[in-house]
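Trainee: Next up is a structure, given as structure tokens.
The values are calculated or read from the model by the stated rules, or taken from the named source; none is laboratory data. Computed from a prediction, not measured in an experiment: that's the story for all the values here. Methodologically, a virtual Cβ is constructed for each residue, glycine included, from the backbone with ideal geometry; neighbour enumeration extends over all protein chains shown.
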Amino acid sequence: MTSRSLRFPQVGALVLAALLAGAVAGCGPGREQRPMGSAAEMPDQEVSDFVLTETDQGAPQWTLHAKYAATYTSRSVVVARDIRVDFFDEKGQRSSELTAREGEIQQSTRDMTARGNVVLKTTEGTRMTTQEMHFSNTQQLITSSKLVRVERDGSTLEGVGFSSDPDLRRFEFKSQVDATVRTRNGAVIETRKPQ
């Protein structure tokens, strides 16, 4: 059985902070940029320091942290800004960390989309970068149709049509693969450009 938990600041402090923020925002020349759906759509709820944890039979699978999050009930989505997602292995140890400028979480499935300077780093040192990636919660699968770069032990792979587990142990590219393979001392042993 899968359980989910949300942590929100105290409601009274949140309401007071929202009222003060609205008053200050109305007086200043600039407004804070917030992730939003459409121009006319307003969030049903907004929070700072948002945390969402996904567990499986009590064991953590991942935890999302965001500096700001907004809930849109009509679309069943949470839009978050300045996100960090910690992924955990089967032993409950943190195995990788994903950071991005913003993200969207589907409330019913817990599937995620991360956008803007997306970086996934494993505890073993593998690093993946792209501008947009999707995470399927049920499949525990990361995918991207954008250009993706993976760096491991001085070697680099770039390509399009990327898919992987969150730990970057098993990944593949579908097309336009550019590879530079290095030895442990840094010597290039192979460079392959896309055909």
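Trainee: Residues of the range 106-123 being within 20 Å of F162 (Cα to Cα) and not hydroxyl-bearing (S, T, Y), which ones?
Mentor: Within the range 106-123, D111, M112, A114, R115, G116, N117, V118, V119, L120, K121 meet the criteria.
Trainee: Pairs under 7 Å by beta carbon, first residue touching a residue at least 24 places away in the same chain (Cβ under 8 Å) in the range 126-148, partner part of a loop (DSSP other than H, G, I, E, B) and among the acidic types (D, E), six or more apart or different chains?
Mentor: Here the result reads F135/D111; S136/D111; N137/D111; Q140/D165; L141/D165, each pair linking the range 126-148 to a residue that is part of a loop (DSSP other than H, G, I, E, B) and among the acidic types (D, E).
Trainee: Right, something else. Only one residue in T156, T180, T109 is assigned to a loop (DSSP other than H, G, I, E, B) and either over 14 Å from the mean Cα position of the chain (by Cα) or modelled with pLDDT under 95 (or both). Which one?
Mentor: Working: T156 fails: assigned to a loop (DSSP other than H, G, I, E, B); T180 fails: assigned to a loop (DSSP other than H, G, I, E, B).
The unique qualifying residue is T109.
This table checks each residue for (1) modelled with pLDDT under 50; (2) of a type outside the set (S, T, Y); (3) out of contact with any helix residue (DSSP H, G or I) (no Cβ under 9 Å at 6 or more places or on another chain); (4) exposed (fewer than 10 other Cβ atoms within 10 Å of the Cβ).
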site: S5; (1), (2), (3), (4): yes, no, yes, no
site: P9; (1), (2), (3), (4): yes, yes, no, no
site: G12; (1), (2), (3), (4): yes, yes, yes, yes
site: A18; (1), (2), (3), (4): yes, yes, yes, no
site: A40; (1), (2), (3), (4): no, yes, yes, yes
site: D44; (1), (2), (3), (4): no, yes, no, no
site: D49; (1), (2), (3), (4): no, yes, yes, no
site: T55; (1), (2), (3), (4): no, no, yes, no
